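One structure is given below, encoded as structure tokens.
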Amino acid sequence: MPSPSTETDVALIGCGIMSATLGVMLKELDPGLNLHVFERLEAIAGESSDAWNNAGTGHAGLCELNYTPERADGSIDLAKAVKVDEEFEQSKQFWTWLVLQGRLDPGQFIHSLPHMSFVEGAENRDFLGKRHAAMDAHPLFHGMEFTTERSVIAQWAPLLMKERHDDGIWSATRSMLGTDVDYGALTRLLFNDLERQPGVALHLGHEVADLERLDDGRWRVEVKEMKSGARRVFLAGFVFIGAGGGALPLLEKSKIPEAAGYGGFPVSGEWLRCLNPAVIKQHHAKVYGKAKSGSPPMSVPHLDRRSIGREPALLFGPFAGFSTKFLKHGSWLDLPSSLEWSNLVPMVEAGWKNLDLTKYLIEQVRLKPEERLEELKAFMPSAVMKDWELAIAGQRVQVIKKDPKEGGILEFGTELVAAADGSLAALLGASPGASTAVSIMLGLVPRCFKERAASPAWQDGLRRMVPTFGTHLAADADLIRHVRGRSHKTLGLMPPVHQAERV
């Protein structure tokens, strides 16, 4: 039997980067708000935001080739790369604001690290050359380097060329604007900051069991303590479901009309993780390749240097698998229990139209250790089995939704689903995820707090946190230089002028 109810202004479900970012923003806009945060695990950032589980560590559109497709006329479409880079610049501004207040230590979560693209063959060389020319001409990406010289690639990333004796054509680009971000560390820092503020309570080891909208517009949030099974009820004016893969079942419990037709397709991830410190020391870049023809965007291979808990790490992948769990620590019944009449048709339609994804997952699941090593050796010829181990990453739940023309479609991005009255919002999807948390919340606040967000006080607050809020950054080269210079200096990153000097 639930205990008497507790009233709160805001209920945040999930202790990941999304809830942490939103919580900090809302407390800045209205310090008097009461916030209760619920997490089913006993740790903060235990699922997708954890650095070992999170495939995205500073996505800025610098090296991800699937963000810059080639048009039919041979030109390069930069739209998605520009959007992602603008969003990441907003993240850096938000973190800069917190650092300047003494609330974050940037050395604990962000570092400069070159971002590279690396391809083989004449056709891919020509594509990469055109991509480089288009990006270098854009003020957001100016200063990017391009080479077809093996000796130069070996200087940028020695492991890519060490023991490479083939006669293939290899090409690469490099941007010194790249960063590595430990989103697990950042999430914990943000929640530590939140906990020091009055009116904020974190409930670890507590699972939201039910959601119900009351006649007065508030939400009845029933919470179960995982250890004892005891239940409590919270009455919240606003609910945010930022539970990663677990967001879909909770969104379905809300029964808001806007949730009808949404489904999810879970994909598990795996990494080859380097065990040899001597090998790790030789690689200082994030190197992205090109997905095989017909493979989904999630299959883009990369050799990824990271700093996790201030310790260097080297990962290669990701490799995909299939699990019916929506969370790494979830239930095998997550997928079947998410099926409803409203999403059954979209799920079937999307599945039928994405048989290539099913084929890809089957192939990935059947990979032998030697086959995984061969994929790594295409990037890093000197790799040997004893230096690497297979590590399980997090779960991604790709969005499936109704489409008026196609019935059901599978999407690989993120999507914010909100009630018409703004009293509840849920974030679905996976990529680029954490890197766009600030941008997503800058969109959520005006959507869910419409009247208050339009007030001069809240507008000033949003621009205090993110000075370019409401501005099209990509259209103003002078503003890019000013904002980026301020962010990089405050966050201890490589000065952007270093990038310009390389041209």
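The values are calculated or read from the model by the stated rules, or taken from the named source; none is laboratory data. A quick note: this is a predicted structure, and the numbers were derived from the prediction, not measured. We place every Cβ from the backbone using ideal geometry, glycine too, and count neighbours over all the protein chains shown.
Of all residues assigned to the stretch 84-98, none qualifies as being at pLDDT below 95, touching a Ser or Thr at 6+ places or on another chain (Cβ under 8 Å), surrounded by 16 or more Cβ atoms within 10 Å (Cβ to Cβ) and among the small types (Gly, Ala, Ser). Against the definition (in a loop (DSSP other than H, G, I, E, B), in contact with a strand residue (DSSP E or B) (Cβ under 8 Å, 6 or more places away or on another chain) and modelled with pLDDT of 95 or more), how does residue 12 come out, yes or no? When the stated conditions are applied, residue 12 does not pass them. Does at least one position in the stretch 381-389 carry a residue that is in a loop (DSSP other than H, G, I, E, B), buried (at least 18 other Cβ atoms within 10 Å of the Cβ) and at pLDDT 75 or above? Checked against the condition, which is being in a loop (DSSP other than H, G, I, E, B), buried (at least 18 other Cβ atoms within 10 Å of the Cβ) and at pLDDT 75 or above, the stretch 381-389 yields at least one hit.
Being of a type in the set (Ser, Thr, Tyr), touching a residue at least 24 places away in the same chain (Cβ under 8 Å), in a loop (DSSP other than H, G, I, E, B) and touching a helix residue (DSSP H, G or I) at 6+ places or on another chain (Cβ under 9 Å) is a property that residue 57 has. Kindly establish whether residue 426 is in a strand (DSSP E or B), at pLDDT 85 or above and within 24 Å of the chain's Cα centre (by Cα). Against the criterion (in a strand (DSSP E or B), at pLDDT 85 or above and within 24 Å of the chain's Cα centre (by Cα)), residue 426 qualifies. Residues satisfying the criterion are absent from the stretch 172-182 (criterion: surrounded by fewer than 18 Cβ atoms within 10 Å (Cβ to Cβ), at pLDDT 95 or above and under 29 Å from the mean Cα position of the chain (by Cα)).
For residue 66, the criteria (1) modelled with pLDDT under 95; (2) not in a helix (DSSP H, G or I); (3) not charged (D, E, K, R) hold in every case but one, which is (2).
Among the residues of the stretch 227-237, those that are surrounded by 15 or more Cβ atoms within 10 Å (Cβ to Cβ) and either more than 11 Å from residue 8 (Cα to Cα) or charged (D, E, K, R) (or both) comprise 231, 232. A single entry from 174, 164, 188 fulfils the requirement of being among the basic types (Lys, Arg) and more than 20 Å from residue 312 (Cβ to Cβ): 164.
Kindly evaluate residue 184 against the criterion of being touching a strand residue (DSSP E or B) at 6+ places or on another chain (Cβ under 9 Å) and closer than 19 Å to residue 426 by Cα. Against the criterion (touching a strand residue (DSSP E or B) at 6+ places or on another chain (Cβ under 9 Å) and closer than 19 Å to residue 426 by Cα), residue 184 does not qualify. Have a look at 14, 58 and point out the one that is touching an Asp or Glu at 6+ places or on another chain (Cβ under 7 Å) and within 17 Å of residue 188 (Cβ to Cβ). On inspection, the qualifying residue turns out to be 14.
On the stretch given as the stretch 106-118, residues that are closer than 17 Å to residue 486 by Cα and in contact with a helix residue (DSSP H, G or I) (Cβ under 7 Å, 6 or more places away or on another chain) total 2.
Residue-by-condition table, conditions (1) assigned to a loop (DSSP other than H, G, I, E, B); (2) within 21 Å of the chain's Cα centre (by Cα); (3) free of Cβ contacts under 8 Å to residues at least 24 places away in the same chain:
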position: 22; (1), (2), (3): no, yes, no
position: 27; (1), (2), (3): no, no, no
position: 37; (1), (2), (3): no, yes, no
position: 44; (1), (2), (3): yes, yes, no
position: 62; (1), (2), (3): yes, yes, no
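The number of residues in the stretch 100-115 being out of contact with any Asp or Glu (no Cβ under 6 Å at 6 or more places or on another chain) and within 19 Å of residue 184 (Cα to Cα) comes to 7. For the stretch 13-22, indicate whether the set of residues that are within 30 Å of residue 477 (Cβ to Cβ), surrounded by fewer than 24 Cβ atoms within 10 Å (Cβ to Cβ) and not charged (D, E, K, R) is non-empty. Scanning the stretch 13-22 turns up no residue that is within 30 Å of residue 477 (Cβ to Cβ), surrounded by fewer than 24 Cβ atoms within 10 Å (Cβ to Cβ) and not charged (D, E, K, R).
Taking the stretch 70-184 and the helices (runs of 4 or more DSSP H) fully enclosed by it, the elements with 1 or more residues that are over 26 Å from residue 383 (Cβ atoms) are at 79-100, 122-136. For the stretch 484-501, the condition of being under 24 Å from residue 139 (Cβ atoms), surrounded by fewer than 13 Cβ atoms within 10 Å (Cβ to Cβ) and modelled with pLDDT of 95 or more holds for at least one residue. Among the candidates 270, 195, the residue that is out of contact with any Ser or Thr (no Cβ under 9 Å at 6 or more places or on another chain), under 26 Å from residue 39 (Cα atoms), surrounded by fewer than 20 Cβ atoms within 10 Å (Cβ to Cβ) and at pLDDT 85 or above is uniquely 195.
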